[in-house]
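Worksheet: one structure, shown below.
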Amino acid sequence: MKKSSLINSGKTEKNLKPWKPGQSGNPKGRPRKEMSFTSLLKEAIEQKCPEDKKKRTWAQVMNEQLLKKAKKGDLQAMRLIYEYVEGKPRQEIESPSDINIHVRYTDKSERGRDMPL
């Protein structure tokens, strides 16, 4: 680290000691994201649905509604259920073996040079 950057950062050379061999610089690791959208949504759908007379969770009510839509013929609902249960089908693409692929790299010194793979 340059001395000028040390002065600007407020750090001194004394507190820039390297770690001992085998010692971690961050022993507790990265802090968890407690308030992510996914974690909040997972927590919310496990709560009881206040409008449900059977006292089911939001997840149970949503599953029932999805199944009812699929039973009535809703193709989006059917596809969603199928993809969650079976997984999305793979799409294979066939191509002739005589295809050449060219990648164009752009650099400050060389603009637009073709490089075959």
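For the pair Leu41 and Asn26 in one chain, pulling the backbone fully straight at 0.36 nm per residue adds 2.4 nm over the alpha carbon distance. When each of the peptides 57-63, 25-31, 82-88, 68-74 is scored by the mean number of other C-beta atoms lying within 10 Å of its residues, the order from highest to lowest reads 57-63, 68-74, 82-88, 25-31.
Since every read-out is calculated from the coordinates, none of them should be taken as a lab result. Note that the structure is a prediction, hence the values are computed from the model and not measured. All Cβ positions, even for glycine, are placed from backbone atoms using ideal geometry, and neighbour counts span all protein chains on display.
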